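This report concerns only the one structure given below.
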Amino acid sequence: MHHTDFEYFHTLLVHEVGNKIGPVAPTITPSAAYGYTDAKEAEGIFASQVNKPLYARVGNPTNAKLESILAKMEGGFGAIATSSGMGAISMVCTAFLSAGDELLCIGGFFGGTYAYVNETLSRFGVRNSFCDVDDFAHIESRLKKGIKMVLMESVGNPSLRLPDIQAIIDLCNRYDTLLLIDNTATPLLLRPLLMGADIVVHSSTKNISGHSASLGGIAVFREVKENGDKLHNPKYTDVHKIVKKMGKKAFIPICKKRAIRDLGMTANAFGSFMTMIGLETLSLRVERINKSVEKIALMLDEKLPKGISVNHPCLHSSPDHTRYKKVFSDGCGPLLTLECGTKKRAFALLDRLQTVIQTANIGDNRTLALHMQSTIYSDFSEEARRFLGVTEGLIRVSIGLEDPIDIAEDFLQAAQGL
């Protein structure tokens, strides 16, 4: 059973964000352009041989500090900060996929990711297939076909399905296929790069910041191996030139040269500064919130009136309860869901909440709730909603730092008499 060493992260994060000498808080470098010492240095910077800022679209010193902390936190080799979580996913997909390639998507997905893959990428000729978290027959059949990339979430949002992450990582590695894991719900709780995944992304707007004050994303990469790396496989021929030239750090120039430089989904310095301010307390917040989620789920499961039910993998009624106990022993993120049966009852419950905030975000310091079908998934087909686990009466809840008993009681009072 895996346990998160919160004490290690409590020390690591505050000291990585702060400085011992000079300004203790991280500094913001808001400049878009950077003066080069001389023509020779300019040449070296553009050839990626001199590690100094080139131009803010491809990175700045404030972003670089955030990137180094998150790479260390995830156990990765390097990272790229982006303008949003969707920016991070878009960057990785556009850097590696071309028209005619196929992306395999495992499990239920956040609406933005599903729409990006199903509508936008498909418009540019990238095919996709979706399957349930445990459909290993489908997963292996697509991998055997020689697809280039697999995308999954560490925890289904809002389905709360838990994948067998290690089994999927092992399969992707056996078939030399890049695996991109969205770890937004589970920073610190799960470190997929140490388990053998290739790339981890976060919407840093969520848990990592916690304060709703900064939109941002991050992609963290493993080191490229000198011999036998999956990037050496012939299916990745179009990046071989970069891999050969850049060696172990190749993931970063691949994403910068083949996505960020041309599409510009770069983080800004002030956003990265605000993200670091939140990041200092991430481990304290993750530890507390995940204990609260269990407490609230168990209390609601016992006391909610008939006709309204709660879903979370800590409950015996969840299909993933055993996996939760085995792999997610410290929790699986801030989410739980309520099933109210009808849209009318869901709206009535939401509008009677006194403390909980209605908004389209998760991983905040405050508890948030939202009716899924009428908001994030409003323009999805009935079939797509069914696959993603979005029913007419579903409310997604993201638990915050408040007293868990106060939050549970707010939901219970709102559910009375519905």
Matching residues in region 77-125 (β-branched (Val, Ile, Thr), out of contact with any strand residue (DSSP E or B) (no Cβ under 6 Å at 6 or more places or on another chain) and either in contact (Cβ under 8 Å) with a residue 60 or more places away in the chain or crowded, with 18+ Cβ neighbours inside 10 Å (or both)) number 2
Among residues of region 233-286, those that are free of Cβ contacts under 8 Å to residues at least 12 places away in the same chain and either among the acidic types (Asp, Glu) or at positive phi (or both), counted
1
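For every residue, the table says whether it meets (1) in a loop (DSSP other than H, G, I, E, B); (2) more than 28 Å from residue 406 (Cα to Cα).
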{"site": "258", "(1), (2)": "no, yes"}
{"site": "274", "(1), (2)": "no, yes"}
{"site": "278", "(1), (2)": "no, no"}
{"site": "295", "(1), (2)": "no, no"}
{"site": "306", "(1), (2)": "yes, no"}
{"site": "341", "(1), (2)": "yes, no"}
{"site": "355", "(1), (2)": "yes, no"}
Say whether the condition of being surrounded by 14 or more Cβ atoms within 10 Å (Cβ to Cβ), assigned to a helix (DSSP H, G or I) and not β-branched (Val, Ile, Thr) is met by at least one residue in region 241-248.
yes
For region 166-185, state whether one or more residues are outside any helix (DSSP H, G or I) and touching a Gly at 6+ places or on another chain (Cβ under 7 Å).
yes
Is region 78-85 home to any residue that is part of a helix (DSSP H, G or I) and either in the same structural domain as residue 163 (by TED's automatic domain parsing) or over 29 Å from residue 133 (Cβ atoms) (or both)?
yes
Could you pull out the residue among 233, 207, 268 that is modelled with pLDDT of 95 or more and touching a Leu at 6+ places or on another chain (Cβ under 9 Å)?
207
On the given criteria, is residue 68 over 17 Å from residue 251 (Cα atoms) and either assigned by TED's automatic domain parsing to the domain that holds residue 207 or surrounded by 14 or more Cβ atoms within 10 Å (Cβ to Cβ) (or both)?
no
For region 288-325, which residues satisfy the criterion of being in contact with a Pro (Cβ under 7 Å, 6 or more places away or on another chain) and of a type in the set (Gly, Ala, Ser)?
292
With respect to residue 147, is the statement that it is outside any loop (DSSP other than H, G, I, E, B) and aliphatic (A, V, I, L, M) true?
no
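The values are calculated or read from the model by the stated rules, or taken from the named source; none is laboratory data. Fair warning: this is a prediction, and the values are worked out from it, not measured in the lab. Methodologically, a virtual Cβ is constructed for each residue, glycine included, from the backbone with ideal geometry; neighbour enumeration extends over all protein chains shown.
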